[in-house]
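Shown next, in structure tokens, is the structure this report addresses.
The values are calculated or read from the model by the stated rules, or taken from the named source; none is laboratory data. In this text the structure is predicted, and so the values were computed from the model without any measurement. Please note: Cβ atoms are built from the backbone with ideal geometry, for glycine as well, and neighbour counts cover all protein chains shown. In case anyone asks, the SASA skips ligands and DNA or RNA and just uses the protein heavy atoms, side chains included. Shrake-Rupley method; radii C 1.70, N 1.55, O 1.52, S 1.80 Å.
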Amino acid sequence: MSLAPVVTIDGPVGSGKGTIATRLAQRLGWHFLDSGALYRLVALRALSLGLDLSHEPALRELALTLDCRFDFNGEDTIVWLENEDVSRALRREETSAAASRVASIAAVREALVARQRAFQQPPGLVADGRDMGTVIFPAAPLKLFLTASAQARAERRYKQLKGKGESVNLPRLLRDLQARDERDSSRAVAPLRPATGAKIIDSTEMTVDQVLEEAYLLVEKNILNN
Ligand code: C5P
């Protein structure tokens, strides 16, 4: 059985990978996996249940039984958790911080592996996350690692949250982002790092369209024309 091709896009928060991955998937007409949303869903559910974020068996169980659905409405992805639209709640800073904590638990990560691999369906998949190329789809024919300076990433996130009407503070955002980077890169399981053979794109000085073009050309060269 030949599996559908996968493009993995990993990188730190604010590197623009979510936007690039969504638009690349749209342009290719492929499926899209927002793996961060799965960790956010586990975190959100844990917070709403008042679970202790260090209670590994309970979090693992929650990850295994998560009742969620992703609907693309042509513009945005609506995320449903037990038939409730949690798209906005998922992006809150409180959820982000909790997601980064639950994501450092090996049992939670393992519990989400099969769910993530199930997204690999024809005609293809663009997978966005931290360990898409290193752990979940190590055989992907194209692996991208998107990055940008911490300052540039904090500014992007600031604009994004502000645009959504959230009250945000840039210095605090930069501090939180650096703390999250540190935790994601130094954790024992699936630390954030470029996969072997990954193409690294530094978007500090690039527009979204330029990054998208570069990513698309790489897909053409490495997958479509092969
Ligand atoms: O990408 P996003 O910011 O939505 O991810 C939320 C959190 O989930 C990240 O801070 C990271 O800790 C974790 N994550 C992960 N592995 C992934 C995707 C996200 O550890 N593949």
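Yes or no, residue by residue, for (1) modelled with pLDDT under 95; (2) within 11 Å of the ligand (Cβ to nearest atom); (3) in contact with a strand residue (DSSP E or B) (Cβ under 8 Å, 6 or more places away or on another chain); (4) closer than 18 Å to Asp184 by Cα:
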residue: Asn83; (1), (2), (3), (4): yes, no, no, no
residue: Ala97; (1), (2), (3), (4): yes, yes, no, yes
residue: Arg101; (1), (2), (3), (4): yes, yes, no, yes
residue: Val108; (1), (2), (3), (4): no, yes, no, yes
residue: Ala127; (1), (2), (3), (4): no, yes, yes, yes
residue: Val135; (1), (2), (3), (4): no, yes, no, yes
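Every condition in (1) within 12 Å of the ligand (Cβ to nearest atom); (2) under 22 Å from Leu144 (Cβ atoms); (3) of a type in the set (Lys, Arg); (4) open to solvent by 30 Å² or more (accessible area, probe 1.4 Å) holds for Arg40 except the one numbered (4).
Checking Leu125, Leu44, Leu112 one by one, the residue that is out of contact with any Pro (no Cβ under 6 Å at 6 or more places or on another chain) and more than 24 Å from Val7 (Cβ to Cβ) is Leu44 and no other. Across segment 1-30, which residue is nearest to Val208 (Cα to Cα) among those that are within 13 Å of the ligand (Cβ to nearest atom) and of a type in the set (Gly, Ala, Ser)? Filtering segment 1-30 for residues that are within 13 Å of the ligand (Cβ to nearest atom) and of a type in the set (Gly, Ala, Ser), the one nearest to Val208 (Cα to Cα) comes out as Gly16.
From the list Arg193, Arg180, Arg153, which residue is open to solvent by 80 Å² or more (accessible area, probe 1.4 Å), within 16 Å of the ligand (Cβ to nearest atom) and either more than 17 Å from the chain's Cα centre (by Cα) or not hydrophobic (A, V, I, L, M, F, W, C) (or both)?
Going through Arg193, Arg180, Arg153 in turn, just one is open to solvent by 80 Å² or more (accessible area, probe 1.4 Å), within 16 Å of the ligand (Cβ to nearest atom) and either more than 17 Å from the chain's Cα centre (by Cα) or not hydrophobic (A, V, I, L, M, F, W, C) (or both): Arg193.
Candidates in segment 196-208 are the residues that are among the aliphatic types (A, V, I, L, M) and exposed (fewer than 15 other Cβ atoms within 10 Å of the Cβ); of these, the one that is farthest from Glu93 (Cα to Cα) is Ile200.
Ile78 - would you say it is out of contact with any Gly (no Cβ under 7 Å at 6 or more places or on another chain), within 20 Å of Gly129 (Cα to Cα), in a strand (DSSP E or B) and more than 10 Å from the ligand (Cβ to nearest atom)? Yes; evaluated as a whole, the condition is true for this residue. Do we find a residue being open to solvent by less than 40 Å² (accessible area, probe 1.4 Å) and of a type in the set (Phe, Trp, Tyr) anywhere in segment 121-139? Yes - at least one qualifying residue is present in segment 121-139. Filter segment 25-37 down to residues that are in contact (Cβ under 8 Å) with a residue 24 or more places away in the chain and part of a helix (DSSP H, G or I) and give me whichever is most open to solvent (accessible area, probe 1.4 Å). So, considering only residues that are in contact (Cβ under 8 Å) with a residue 24 or more places away in the chain and part of a helix (DSSP H, G or I), the one most open to solvent (accessible area, probe 1.4 Å) is Arg27. Among the residues examined, Val6 does not qualify as among the β-branched types (Val, Ile, Thr) and within 18 Å of Arg187 (Cα to Cα). Leu170 falls short of the stated requirement of being open to solvent by 30 Å² or more (accessible area, probe 1.4 Å), over 15 Å from Glu93 (Cβ atoms) and over 20 Å from the mean Cα position of the chain (by Cα). Tally the residues that are of a type outside the set (Gly, Ala, Ser), surrounded by fewer than 20 Cβ atoms within 10 Å (Cβ to Cβ) and farther than 22 Å from Phe32 by Cβ, restricting the search to segment 102-119. So the count comes out to 1.
Taken over segment 1-24, the criterion of being within 14 Å of Phe137 (Cβ to Cβ) and either free of Cβ contacts under 8 Å to residues at least 24 places away in the same chain or not acidic (Asp, Glu) (or both) is satisfied by Leu3, Ala4, Pro5, Val6, Val7, Thr8, Ile9, Ala21. Taking every residue in segment 181-202 that is under 25 Å from Ile105 (Cα atoms) and pairing it with any residue that is open to solvent by 90 Å² or more (accessible area, probe 1.4 Å), at least 6 positions away or on another chain, the pairs with Cβ-Cβ distances below 9 Å are Arg183/Arg101; Ser185/Arg193; Val189/Glu110; Pro194/Ile200.
Among the numbered conditions (1) within 15 Å of the ligand (Cβ to nearest atom); (2) open to solvent by less than 50 Å² (accessible area, probe 1.4 Å), the only one that Leu47 does not meet is (2).
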